[in-house]
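Enquirer: Following this message is one structure expressed as structure tokens.
The values are calculated or read from the model by the stated rules, or taken from the named source; none is laboratory data. Source: prediction; values computed, not measured. Please note: Cβ atoms are built from the backbone with ideal geometry, for glycine as well, and neighbour counts cover all protein chains shown. Only protein heavy atoms, including side chains, enter the accessible area calculation; ligands, DNA and RNA are left aside. Shrake-Rupley method; radii C 1.70, N 1.55, O 1.52, S 1.80 Å.
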Amino acid sequence: QIDLSLIFFFSESWPDAERAARRALQLSPIGTGYHAILAWSLIAQQRYGEAEAELALERSEIERLNGRGLLALARGQRTLAQEQLANLEELARSEPDKADLQQSIAWLCAGLGEIDRAFAALDRARASRDPSVAWSRTMWPLRPLYADSRWGEFLGQIGLVDDLLK
């Protein structure tokens, strides 16, 4: 169910993503990342109070910080988003090989307009073989990177350019 929620989320089918995430939580109430994934769809639907409540329940520190950063960006709270990014970067210094960590950093950097830092985080995620890079092409938080020439190069490095998908 949580994978289905992610598919809906990255397809921007927010209500479907929410329903699937809620079902996943019914089936596995202690699933790591599940509350954050639900919060992402709530943020996309501008239901910020509900998203904040879900993030308070999230067990994964990375997903909780990332979600709080995305929520801050959605609310226009740039300083709070920067604080969440700083917390993620501090975590990266102490535990650099955590899955989803560099991807989370890239999301927040992209949202903050820190394009160079976003690409550096994506490169670290790719180099560490973080499986979350497989979703990069459909991750709407990375949209600010699409206009940059490095975006196509990055997709080529991970095998997600159109010519390679045929």
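Enquirer: By how many degrees, 0 to 90 and rounded to 10, does the Cα axis of helix 34-44 deviate from the longest principal axis of the chain?
Expert: Around 80 degrees separate the two axes.
Enquirer: Using Cα centres only, tell me the gap between segment 70-115 and segment 1-54 in whole Å.
Expert: 19 Å
Enquirer: Which one of ALA86, LEU101, PRO15 is farthest out on the positive end of the charge dipole of the chain, using unit charges on Cβ (Lys, Arg +1; Asp, Glu -1) and the Cα centre as origin?
Expert: The residue sitting farthest along the positive end of the dipole is PRO15.
Enquirer: Further question on the same structure: How far is helix 48-57 tilted, in degrees, relative to the longest principal axis of the Cα atoms in the chain, given as a value from 0 to 90 rounded to the nearest 10?
Expert: Between helix and principal axis, roughly 90 degrees.
Enquirer: Can you give the accessible area per residue of segment 50-127, in Å², using a 1.4 Å probe?
Expert: 45 Å²
Enquirer: Hey, what did segment 74-120 get for relative contact order, percent, Cα under 8 Å, at least 6 apart?
Expert: RCO, segment 74-120: 34 percent.
Enquirer: What angle do you read, to the nearest 10 degrees and between 0 and 90, between the alpha-carbon axis of helix 14-27 and the longest principal axis of the chain?
Expert: The angle comes out at about 60 degrees.
Enquirer: Under 5 Å between amide H atoms, partner at least 5 residues away or on a different chain: which partners does MET139 have, H built in plane at 1.01 Å?
Expert: Those lying under 5 Å, H to H, from MET139: there are none.
Enquirer: Per DSSP H run of n ≥ 4, the term is -39500 (n - 2.57); total these for the chain, divide by its residue number, and report the mean residue ellipticity at 222 nm rounded to 500 deg cm²/dmol.
Expert: -20500 deg cm²/dmol
Enquirer: In percent, how large is the relative contact order of the chain, given Cα pairs closer than 8 Å and 6 or more residues apart?
Expert: Once divided by the residue count of the chain, the mean separation gives 14 percent.
Enquirer: Now for a separate question. Percent of accessible area on the chain owned by carbon and sulfur, 1.4 Å probe?
Expert: 49 percent
Enquirer: In units of 2.2 N^0.38 Å, what is the alpha-carbon radius of gyration of segment 74-145? Walk me through the numbers on the way to the answer.
Expert: Details: Rg = 11.4 Å, N = 72, 2.2 N^0.38 = 11.2 Å.
Here the Cα radius of gyration is 1.02 times the empirical estimate.
Enquirer: Assign unit charges at the C-beta atoms only (+1 for Lys and Arg, -1 for Asp and Glu), then state the dipole size of the chain relative to its Cα centre in Debye, rounded to the nearest 20. Each step should come with its number before you reach the end.
Expert: Working: 19 positive and 24 negative charges, 39 e Å.
Dipole size: approximately 180 debye.
Enquirer: Let me check against my output: what whole-number percent is the relative contact order of segment 68-166, with C-alpha pairs under 8 Å and at least 6 apart?
Expert: Result for segment 68-166 is 21 percent.
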